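Reviewing the structure listed below.
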Amino acid sequence: DVKVTQSSRYLVKRTGEKVFLECVQDMDHENMFWYRQDPGLGLRLIYFSYDVKMKEKGDIPEGYSVSREKKERFSLILESASTNQTSMYLCASQGARLLYEQYFGPGTRLTVT
Amino acid sequence: GEDVEQSLFLSVREGDSSVINCTYTDSSSTYLYWYKQEPGAGLQLLTYIFSNMDMKQDQRLTVLLNKKDKHLSLRIADTQTGDSAIYFCAEMDSNYQLIWGAGTKLIIKP
């Protein structure tokens, strides 16, 4: 069974703080993704990575950065958290297999006050 | 760019069939997916269909694909309270990335 874990289920941070969200997968997948999920907007892609040290901007990268130093770990960084970054953050991994299925972590609900 | 659209809510009575609809724009999609998100959880793949298929059945689930109209539907027979969730439609684009719909929240009435 593929397992994708995220460092926190719930997080509360203050405006201006630096925030790290970590994601780890155990299936040796090449591709990893960070999404944010907001009601009525579905999943919006923030960044993705197709290999170690490689990253690509998604649809809404502003205010975020990422790091992929090891294949199994993909980190999302909010350099200076703002209240409009309050959201559910979902990490996913994807292998280069027939179905290209994405496997999701349980999500981190971030509240910025 | 590619777009996937689905209605935000669907309310059905327990025991009835639920039909969740989705339209997409990328005619070159190879795979189309339905994911389920239960409250407080991440998304899980529920079912999928290849673009060369019209229908796929898996126990209580039936997926119908109309390529001409770029319309995908998910039918859940004998809907149960455990089916309460958000259902996401997604298509795979030419870069093997998934384009997501906004999700349909399925509400079950007793």
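Mean partner shielding of peptide A:86-93, defined as the number of other chain Cβ atoms within 10 Å of each residue Cβ, is 1.
Exposure proxy check: B:Leu65, B:Leu32, A:Leu41, A:Leu78 ranked by fewest other beta carbons within 10 Å?
With the fewest neighbours first, B:Leu65, B:Leu32, A:Leu41, A:Leu78 line up as A:Leu41, A:Leu78, B:Leu65, B:Leu32.
The phi torsions of the stretch B:90-100, fed into the Karplus equation with coefficients 6.51, -1.76 and 1.60 and a -60° offset, translate into couplings of 8, 10, 8, 8, 5, 9, 6, 9, 9, 9, 9 Hz, rounded to whole numbers, with Gly and Pro shown as x. Here the spin labels are modelled as points 7 Å beyond Cα on the Cα-Cβ line, and at B:Arg13 and B:Lys109 they lie 0.8 nm apart.
What does the net charge come to around B:Thr47 if you take all other residues with beta carbon closer than 12 Å to its beta carbon, with K and R at +1 and D and E at -1? Residues near B:Thr47 contribute +2 overall.
Once both labels are positioned 7 Å from their Cα atoms along Cα-to-Cβ, the gap between A:Glu79 and A:Thr5 label points is 3.1 nm. For peptide A:40-50, the mean count of partner chain Cβ atoms within 10 Å of a residue's Cβ comes to 4.
Here's how it looks for B:Glu14: its modeled amide H is under 5 Å from those of B:Lys109, which are all 5 or more places away or on a different chain. Among the residues of B:40-48, the average count of other protein chain beta-carbon atoms within 10 Å of the residue beta-carbon is 5. Lys and Arg at +1, Asp and Glu at -1: add these up for the other residues within a Cβ distance under 15 Å of B:Ala77 and post the number. Neighbour charge sum, excluding B:Ala77 itself: -1. The share of C-alpha pairs in the protein assembly as shown whose separation exceeds 30 Å stands at 24 percent. With the simple model of a label 7 Å out from the Cα in the direction of the Cβ, B:Thr81 to A:Met54 spans 4.8 nm. Taking every alpha-carbon pair within the stretch B:59-110, the share separated by more than 13 Å comes to 68 percent.
Other residues whose C-beta falls under 11 angstrom from the C-beta of A:Ser75 contribute a net charge of +2, scoring Lys and Arg +1 and Asp and Glu -1.
Note on B:Ser27 and A:Arg14: with the Förster distance fixed at 45 Å, the Cβ-Cβ geometry gives a FRET efficiency of about 0.45. Once you reduce the stretch A:41-92 and the stretch B:52-110 to the center of their Cα atoms, the two points are 27 Å from each other. Computed over chain A, the quotient of the alpha carbon radius of gyration and 2.2 N^0.38 Å is 1.00.
Pairs of C-alpha atoms in chain B farther apart than 24 Å represent 19 percent of all such pairs.
Order by neighbour count: A:Phe104, B:Phe88, fewest other Cβ atoms within 10 Å first, most last.
A:Phe104, B:Phe88
No lab work stands behind these numbers, since they all come straight from the coordinates. Everything numeric here is computed off the predicted structure, so don't read it as measured data. Neighbour counts are summed over all protein chains in view; Cβ atoms, including those assigned to glycine, are modelled from backbone coordinates with ideal geometry.
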